[in-house]
Protein chains: 2
Amino acid sequence: MTSPTIRYLGQKDAIQLDEELMGECGYKLEQLMELAGLSCASSILEAFPQAKKILIVVGPGNNGGDGLVCARHLKLFGYEPEIFIPKALQKDLYLALANQCSTFEIPILSLTPQLEEINQNYHLIVDALFGFSFKPPVRPEFSAIMTNMINSTTPCCSIDIPSGWDVEKGPTELSQYLKPKMLISLTAPKLCAKFFNGEFHYLGGRFVPPKIEKKYDLNLPQYLHTTCCYRLS
Amino acid sequence: MTSPTIRYLGQKDAIQLDEELMGECGYKLEQLMELAGLSCASSILEAFPQAKKILIVVGPGNNGGDGLVCARHLKLFGYEPEIFIPKALQKDLYLALANQCSTFEIPILSLTPQLEEINQNYHLIVDALFGFSFKPPVRPEFSAIMTNMINSTTPCCSIDIPSGWDVEKGPTELSQYLKPKMLISLTAPKLCAKFFNGEFHYLGGRFVPPKIEKKYDLNLPQYLHTTCCYRLS
């Protein structure tokens, strides 16, 4: 099912494309994040229909925002998501998204979930820690949860970038790194996705204007019918 | 397929529920509008898969905003939407949504489309003129397009409220009123939907928190899988 021609973006192009979507295309961040998070939840429902309890690990930037939106839609789809936020959120939008999750009665954990807890309590981890702006190394405040995610027997689904990976070069700390079972690339895959060898690779973010797709030579696959996600492999 | 217990909201409750979604639930208007417009486009793809050219008539308020979002997703779904805006948009968000449509190369008509043009050029009209805040009568600046929509042989799909109808009492000017073939109720149907007797009645807006659903006694049907619309009848 892999499309041979889809383009994998470097970090600079990914950042520039994102800026263009919100610049000359006129998108608001709220809109893109809503559609991105929805496509993550939809992909997860396709890949893990049997999962029930899902731990969503939310980082301090837009990747975390996507995770919060994803959590809310997962709840609407019938899952039991729980959220862990290792570093307090700052931006008004992220706080609003977290508030929405509270309205949906999605628990927000106050302590770092321990390895045993994760293994026993959750069927899936959603890694929404770092996105395409990430530059290694992982900061100390995230190392405890990162270590637990890496060592957990619970499968992991990474949003856009497996956290800790270099956006272009993939895993750099080869002794210990995250090996997600699922990756959801947003807008277009980033270069590091070439190093992904988990079971499910999805594409989400059905919002790219044709002229942007052409300009960046993205060669996106055709999303089917009303679906907002596409299985790449 | 009709759910016998779904609640039909009066105007006051509809306004209050909407305020609550953006108040204590923490939703941003951008998010609700994105999901609402997406559910409209999805419903249309279900009901009118063969239509190609679609005229979207965009009013000056949130109903028009839903229409602009719908237009963009229709384009992504492969339709050829065109937009007519009878009264210049004011709010920053609406202008951004119109700008997005331009980025998607969706034509925005500069003259009121005439009856013959509508009949000949379009397979469907999307009526996004007035929503649940509307109070009759229709203002003069909208009467030309309203008359053409009413008299057109092209089927019409109304978003949330058939324009010109009283939100609770339905059609009031009984000599001439809009008879849409399709109605997409957003969040929950409004009382006037009881007077709708077209072919397709859909529900959209899969974003209501369970506690709000309970508080307003909405008895919403179960949306299926990842779909964001539900056929009521």
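The values are calculated or read from the model by the stated rules, or taken from the named source; none is laboratory data. Please read these numbers as outputs of a predicted model, since none were measured by experiment. All Cβ positions, even for glycine, are placed from backbone atoms using ideal geometry, and neighbour counts span all protein chains on display. Ligands, DNA and RNA are excluded from the accessible area calculation, which covers all protein heavy atoms including side chains. Shrake-Rupley method; radii C 1.70, N 1.55, O 1.52, S 1.80 Å.
Numbers at a glance
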| item | result |
| --- | --- |
| Using alpha-carbon coordinates, inclination of helix A:92-103 to the longest axis of chain A, degrees | 50 |
| Mean accessible surface per residue for the protein assembly as shown, computed with a 1.4 Å probe while every protein chain stays in place, in Å² | 40 |
| Long-range HN-HN contacts of residue A:9 with modeled amide H, under 5 Å | A:190, A:191 |
| Nearest-10 value in Å² for the accessible area of residue A:92, using the 1.4 Å probe | 100 |
| Copies compared at residue A:78 - label distances in nm, ascending, label defined 7 Å from Cα in the Cβ direction | 2.8 |
| Principal axis box of the stretch B:34-110, alpha-carbon based, largest edge first, Å | 33, 24, 19 |
| Partnerless cysteines, meaning none of the other Cys C-beta atoms lie under 4.7 Å away, in chain A | A:25, A:101, A:156, A:157, A:192, A:228, A:229 |
| Sulfur and carbon atoms: percent of accessible area, the stretch B:11-223 [1.4 Å] | 49 |
| Tilt relative to chain B, helix B:62-76 - C-alpha long axis, 0 to 90 degrees, to 10 | 70 |
| Rg and Dmax [Cα atoms of the stretch B:1-75; Å; Rg one decimal, Dmax integer] | 14.4, 41 |
| Across the identical copies, how the residue B:16 labels are spaced - nm, sorted shortest first, 7 Å along Cα→Cβ | 5.4 |
| Residue-averaged 222 nm ellipticity for the protein assembly as shown, from DSSP H runs of 4+ at -39500 (n - 2.57), nearest 500 | -10500 deg cm²/dmol |
| Share, in percent, of DSSP beta bridges within the stretch B:11-223 that are antiparallel, nearest 5 | 5 |
| Degrees between helix B:29-47 axis and first principal axis of chain B (Cα, 0 to 90, nearest 10) | 70 |
| Chain B, closest residue to the rotation axis toward A, by beta-carbon, whole angstrom | B:30, 2 |
| Inter-copy label distances at residue A:172 (7 Å, Cα→Cβ; nm, one decimal) | 6.6 |
| Equivalent ellipsoid, the stretch B:11-223 (semi-axes from 5 times Cα gyration tensor eigenvalues, Å) | 25, 20, 17 |
| Distant-in-sequence amide H partners of residue A:56 (H built 1.01 Å from N, under 5 Å) | A:82, A:83, A:84, A:126 |
| Orientation-averaged projected area, Cα convex hull of the protein assembly as shown (nm²) | 21.2 |
| Nearest-0.05 FRET efficiency for residue B:29 and residue A:214, computed from C-beta distance (R0 22 Å) | 0.10 |
| Residue B:139 accessible area, assembled protein chains, probe 1.4 Å, Å² | 110 |
| Accessible surface ranking that places the most exposed of B:173, B:30, A:34 first, with a 1.4 angstrom probe | B:173, B:30, A:34 |
